[in-house]
1. Would you please name the residue that is surrounded by the most Cβ atoms within 10 Å (Cβ to Cβ), looking only at residues in region 28-54 that are hydroxyl-bearing (Ser, Thr, Tyr) and at pLDDT 85 or above?
2. Pairs only if they're at least six apart or on different chains, beta carbon under 6 angstrom, first in region 172-189 and on the phi > 0 side of the Ramachandran plot, second at pLDDT 95 or above; list them, first residue then second.
3. For residue 204, are the conditions met, namely being at pLDDT 95 or above and assigned to a loop (DSSP other than H, G, I, E, B)?
4. Report whether or not residue 209 is polar (S, T, N, Q), at pLDDT 95 or above and crowded, with 21+ Cβ neighbours inside 10 Å.
5. Give region 317-349 a look and list any residue that's open to solvent by less than 10 Å² (accessible area, probe 1.4 Å) and closer than 22 Å to residue 228 by Cβ, or say none.
6. Please work out which residue is most open to solvent (accessible area, probe 1.4 Å), limiting yourself to region 240-271 and to residues that are in contact with a helix residue (DSSP H, G or I) (Cβ under 8 Å, 6 or more places away or on another chain) and at pLDDT below 95.
7. Would you mention how many residues in region 55-72 are open to solvent by 10 Å² or more (accessible area, probe 1.4 Å) and farther than 20 Å from residue 235 by Cα?
8. Can you tell me how many residues within region 112-156 are in contact with a strand residue (DSSP E or B) (Cβ under 9 Å, 6 or more places away or on another chain) and basic (Lys, Arg)?
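The values are calculated or read from the model by the stated rules, or taken from the named source; none is laboratory data. Small disclaimer: the values here were computed from a predicted structure and weren't measured. Here Cβ is always computed from backbone atoms with ideal geometry, including for glycine, and neighbour counts include all displayed protein chains. Just the protein is used for accessible areas: all its heavy atoms, side chains included, with ligands, DNA and RNA removed. Shrake-Rupley method; radii C 1.70, N 1.55, O 1.52, S 1.80 Å.
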Amino acid sequence: MKKQVTALLCLSLLVLPACNAGTEATSSSEPAPTSEAAPQAMPIEYSDSGYAEAPVQADADMYAMDTVMHFRVYGRDKAQAGKAIEDAFAEIKRLDALMSTNQKQSELAVLNRTGTTTLSKDNAYLLKRAMEINDQTDGHFNIAVYPLVKAWGFTTQKYNVPSEETITKLLPLTEVKDVHFDEKSGKVSLAKKNMGLDFGGIAKGYASQRLMDIFKKDGIPGGLVTLGGNTQLYRSKPDGSDFAVGVQNPQDVEDYVGVIRGSDEAIITSGIYQRFFERDGKKYHHIIDPATGAPADNTLSSATVICQDGTTADALATALMIMGRDEAIAFWQKNADRFEMVLIDKDNKVTITPGLQDRYTPKDRPAPEVIAHGA
C-alpha cells in the first residue's frame, strides 16, 4: 500500500520538476483497491516550507473512500501542522464510517439493506444537498443509481456488463422521488424494495469541505487536500500567493493540459478515465447516466468544476459529465454566478468559462476555447 500511495502522490502532484515543487492535480486514474479496504494513513513527513510566515510543511497520504488522498498543511511548528493532519485523518475515518456503502454498520449500508434508517447530521445534510442538486440539474445528478452502480460492479470492483433486461428492471428503482426524507427528524425511507443510495458522487466533496473547517479550527495559515479527483484549497500559500492546480490530461494521466491558479476554493474533476473496466475491447466507465442505466456516452472525457463549496463542485462535476458538452455549457450559462468550469472533449479539446481566462494557463497547446455568456 505504501509504495502505491507514494507513486500516486508523485503523479497527482504533477511534478514541476520535483515531487514537492508545486502543481497539485485534480484527478487520478489509478484503479482503487476493493471498497472493503479500511482507511489507512501513512506517516506524516515534515519539511522546510521556505516561508517565514509558516516555516513547517507537513505532507501525508491516506487511503479511504475508495481513493488515495493527500494532505498538505503549513504551520508555525511541527505540533500545529501535525495536529491539523491528524485531525484530518480522524475526520475522514469518521465520515467514511458514516457514508460507505460497503461498511456493514454505516448508515447508508443499513439504509440500503433495510430500506429505512435515521441519518446523522452529516448524512442528513448530504442527502438534502443531493436532492436539491438533483432538482437543479434536471435529474442528471442522482444518488439513487446505486442498484445500477452495483449491477455494473463498481461498488466491489467485480465488474460486469448487465443485460438490457437487467437494466430495464433496475431503472424504476432509481427515481429520487421515491426517496422519502424528513429533514427535521433525519428519517429516510426508500419506497421500493431493492432501492439504494450511493453518495459516491458527492461524499468526497463534502469531506474536503469539512477538512477546511478542521484547518480553520486548528489555525493553520494555509493548506490543501487532494481526495482522488477532488482538490480543495485552504486559504493560500503562507506568502499569500495562489496554489497551482493541474488539470489532468485524460489521454495521458501522467500529464496535464493546463494549470489553474487559485486559493480558498474547490477544484474538482470527474472523468471517464478515472475508474473503468474493459470487456471485449470496449471500455465501461463508472459515471452512470440515470436516464439509460449505462455509462454516460457523449463527447466529454472530463469536467472540472471550480467554486468555493466542495460539496457543490463534486456533484456538479458528475452532473456535467452526464449532460455532455452542449448541455453543460447551457447549464453554466444559466448558472454562471455559481461556478467556473473546464470541459475536455474526447479529442482533447479544452473549453473554459470566462472567469478562468486570467488564471488558467495551457501547457504546450493552443489557448482553450472560452464559453460566451448566455443571452
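1. 49
2. Listed by first residue and then by second, the contacts come to 186/118; 186/119; 186/124.
3. No: the conditions fail for residue 204.
4. no
5. 317, 319, 320, 321, 328, 339, 341, 342, 343, 344
6. The selected residue is 254.
7. The number of residues fulfilling the criteria is 5.
8. The total comes to 1.
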